[in-house]
Amino acid sequence: MYKHFFKRILDFCCALAAIVCLSPLLVVLTLVGAVKMKGNPFFTQPRPGKDEKIFKLVKFRTMTNERDANGKLLPDDVRLTRYGKFLRSTSLDELPELFNILKGDMAVIGPRPQLVRDMVFMTPEQRRRHTVRQGLSGLAQINGRNAVTWEKKIEYDLKYIERITFLGDVKIIFTTLAKVFKRSDITEENCDTATDLGDYLLQHGRISQTEYDQGQELAKKLIAESK
């Protein structure tokens with residue numbers, strides 16, 4: 001009953017309450033972000049949700065849109081600002097996802113919504129993580145987040161969907177809050193952003209360059225078809 005009925009009701013109520021309580025902070029971050037990012041303070045990106053339906057995840061922007069002479073975006077570590085690092089280290093950049101939860105795209109707790117270009121490199125078994133709504137936080141986030149391997153992260157996701165309970169979700173919420181205050185497990189060691197699954201598999205020789213290129217093209221096609 002909790003998994004199929006009460007969880008969604010509680011998600012909606014919690015997201016609505018959080019938006020109301022945090023509205024002053026959301027307004028301040030929106031205004032500061034508009035100044036720091038010299039424009040739109042929000043970042044949206046297509047992510048696969050429940051049943052692999054692609055939705056637009058919204059976050060506070062942490063990187064600028066600076067490009068080189070050829071119009072190509074500069075590397076992440078160049079575009080990531082000091083303000084952006086602060087947002088990430090405190091997880092404040094995730095707050096706009098409360099609206100995704102309110103809309104029904106996401107849940108408070110569940111597997112984190114990964115990139116479409118990550119999903120296409122997952123095995124059929126690993127893609128079972130998309131049989132539930134993706135979460136603001138989840139079992140993988142309280143067990144290492146970006147500090148663990150992709151295999152381990154997905155293993156935690158699959159473990160979560162096998163047994164979804166109210167008490168389990170409450171435990172994840174409080175553990176997440178503790179980690180946010182400690183600012184732990186935000187990114188991989190010596191990396192400003194997490195490595196994509198396709199890049200990870202290619203670097204470790206799990207897939208060929210041809211398979212990598214095919215996966216990237218498939219991801220682009222899926223995103224285009226979702227618009």
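Quick look at the numbers
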item	result
Computed magnitude of the charge dipole of the chain (debye, nearest 20; Cβ of K, R +1, Cβ of D, E -1)	680
Neighbourhood charge, 15 Å Cβ-Cβ cut-off, centred on Arg8 and excluding it, Lys, Arg +1 and Asp, Glu -1	+1
Shape call, the range 69-131: gyration tensor on alpha carbons, a/c limit 1.5	oblate
Leading residue at positive end of dipole, the chain (Cβ point charges), from Ile142, Phe6, Tyr160	Phe6
In Å², nearest 10: area of Ile54 left accessible to a 1.4 Å probe	40
Share of carbon and sulfur in the accessible heavy-atom surface of the range 65-191 [1.4 Å probe, %]	55
Cα-based shape type of the range 1-132, given that a ≥ b ≥ c are square roots of the gyration tensor eigenvalues and the cut on a/c is 1.5	oblate
Packing-based ranking, highest mean first, of 105-113, 1-9, 65-73, 199-207 given that Cβ atoms within 10 Å are counted	105-113, 199-207, 1-9, 65-73
Two-decimal ratio, the range 1-42, of alpha-carbon radius of gyration to 2.2 N^0.38 Å	1.68
Cα-based Rg and Dmax for the range 88-173, where Dmax is the largest Cα-Cα distance (Å)	12.4, 34
Among (1) 16.5, 52; (2) 17.5, 56; (3) 18.4, 60, the entry derived from the coordinates for Rg and Dmax of the Cα atoms in Å	(2)
Anisotropy class of the range 1-78 from Cα gyration tensor, a/c 1.5 cut	oblate
Rounded to whole Hz, the Karplus (6.51, -1.76, 1.60) HN-Hα couplings of the range 115-129, x for glycine and proline	6, 4, 6, 8, 4, 5, 9, 7, 6, x, 5, 5, 6, 5, 4
With DNA, RNA and ligands ignored, accessible area of Thr131 (1.4 Å probe; Å², nearest 10)	70
The chain: antiparallel DSSP beta bridges as a percent of all, rounded to 5	75
Per residue solvent-accessible surface (Å²) - the chain, probe of 1.4 Å	57
Relative contact order (%) - criterion: Cα under 8 Å, at least six apart; region: the chain	20
Above-threshold pairs, the threshold being 20 Å between Cα atoms, out of Lys38/Lys59; Lys152/Lys220; Lys7/Lys56	Lys152/Lys220; Lys7/Lys56
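The values are calculated or read from the model by the stated rules, or taken from the named source; none is laboratory data. Keep in mind the model is a prediction, meaning the values are calculated, not measured. We place every Cβ from the backbone using ideal geometry, glycine too, and count neighbours over all the protein chains shown. Just so you know, the surface numbers come from the protein's heavy atoms only, side chains and all, with ligands and any DNA or RNA stripped out. Shrake-Rupley method; radii C 1.70, N 1.55, O 1.52, S 1.80 Å.
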